[in-house]
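Written below as C-alpha cells is the structure these notes are about.
Rule-based calculations on the coordinates, nothing more; no lab input. Not measured: the values here are computed from a predicted model. As a convention, Cβ positions derive from the backbone with ideal geometry for all residues, glycine included, and neighbour counts pool all protein chains shown.
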Amino acid sequence: MDIAVANPYGETKSNSNNSGLVEVESQRAIAEVQAAMIIARKFPRNPIEVMDRILNACTRVGLAESAMYSYNRGGTEVTGPSIRLAEVLAQEWGNIQFGIRELDQANGESTVEAYAWDVQNNVRQVKIFKVKHMRNTKKGSYKLEDSRDIYELVANNGARRLRACILGIIPGDVVESAEKQCELTLTTKMQITPEVISRMIAKFGEYGITKDQIEKRIQRRIDSITPALMVQLGKISNSLKDGMSTPSDWFEPISSATPETASKTETLKDKLRSEPTPTDKETLTVETKSDPEKRRTELSKKLMDAVKSYPKSDHEKMYGHFFAFFQCQTMQGLKEEDFESAEQYIEQLVKDAKKA
C-alpha cells in the first residue's frame, strides 16, 4: 500500500544535465592545458632565433614609435616598455599564453584578472584587481552606464597590469635589448618632415597641449627639432595615451603676459627672428669655423662679456637662451644657422645694454 502523498507541484527534476555540462567543460579545459604544455615541451623555443626575431621586429619604425613611454616620479623621469612592445615580446618569445578576463561585475565595479603564463617553463604571473565604473574629469566624476564605456575602461586598466605580467616572465636583458633597438631605430631611421611635425602637434593637441607649450619644453622652434627630442616627445605621448601621466607633468602653462610686461630676455628671441642683425663673422678664423666646439667656446666667452652689463638675476635666463641654440646629439650635427642665431643673440644683448 502506497502511503506517500504526491507533491502537488510535480516531481523534482534531476540536475544531471547541468552537472554533465560542467564536467565536460572541466575536462575540456584540462585537456587544453595539457596539450599546450606537451606541445611547448615538444617544440621548445630557440633563444638565439627568438632574440633575432625580437630585434628584427624592433627595427620597424611603426613599432619603435609606440614602444616606449615616460612619466615623472618624484621629479625623476622614468622610462619603460609600453604594452605594445610587451605584446610583441610575448608573441616572438613564444609558448606564452597571456590576456585579460573579467571575473565578475557587480555593485558598480568589475573584478578583473590579467595573466601571463610561460607554458614551456611553467612560470606564471597573475594580477587580480578591481575597476570602479567611474570616469574622472576636471569637472568631477560620474558613473558609467554604457557597456561600451565600461569595456574600454576595464581594457585600459587591464593593459597596464598585463604589461607587468608579461615583463615578469620575460628575462630583463631581453627587454633591455629590445628597448635599445627601438631607440636606435628612431634615431637612425626617423625622418623629421613637416608632415611628421604636424602629426606630432595634432597628437598632443588631443590632450590640450599647444605648439607653444611644446616649444617651451624643448627650448627651440618646433621646425628645428632634433631626432633625439622627437624620440623624447614620443615617449611622453605614449605615456599620456596609456594614462601613466598627465599634461601638467610635462608642460608648463603658457604665460598670458603682454609684450609690454614681458621681460627683456623673454622677447630677445622674437626680436632676432623678425629683425635679424648682421654678425661679426670676420672675427672668426677659418680654423675655429671648422671646429664646432672651439667656435661655441669662443661665443661663450663673448656671452660672458655681454651679460656683465645686466643684473645677476637675469644671467641664468640669458645662458639658458644661449645654450638652447646648441641642443643637438653631437657637435658635428650643428648647422651654420645655429651659430648665426647665437651670434645675433649676443649682439642684441650688447645693443640693448647700450640703449639702457
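Tell me, what is the FRET efficiency for Ala202 and Asn46 to the nearest 0.05, using R0 = 41 angstrom and their Cβ-Cβ distance as r?
Computed FRET efficiency for Ala202 and Asn46 comes out at 0.45.
Quick one: in segment 157-225, what % of C-alpha pairs are over 17 Å apart?
Of the Cα pairs, 63 percent sit more than 17 Å apart.
Going down the table (Lys132/Lys203; Lys308/Lys351; Lys203/Lys235; Lys302/Lys351; Lys308/Lys354; Lys189/Lys211), which pairs top 20 Å between alpha carbons?
Lys132/Lys203; Lys189/Lys211
If Lys and Arg each add +1 and Asp and Glu each add -1, what is the summed charge of the other residues whose beta carbon sits under 13 Å from the beta carbon of Ile197? Walk me through the intermediate numbers first.
On the way: positive: Arg199, Lys203, Lys211, Arg220, Arg221; negative: Glu195, Glu215, Asp223.
Net charge in that neighbourhood comes out at +2.
With only alpha-carbon atoms counted, please give the Rg and Dmax of segment 82-168, in Å.
Final numbers for Rg and Dmax: 14.7, 49 Å.
Please give the FRET efficiency for Thr187 paired with Asp305, using the beta carbon to beta carbon distance and R0 = 22 Å, rounded to the nearest 0.05.
0.05
Send over the Kirkwood Rh of segment 42-111, from the inverse of the averaged 1/r over different Cα pairs, rounded to one decimal Å.
15.0
Using 0.36 nm times the number of residues separating Phe129 and Lys216, minus their current alpha carbon distance, what extension gain do you get?
Full extension from Phe129 to Lys216 adds 27.4 nm.
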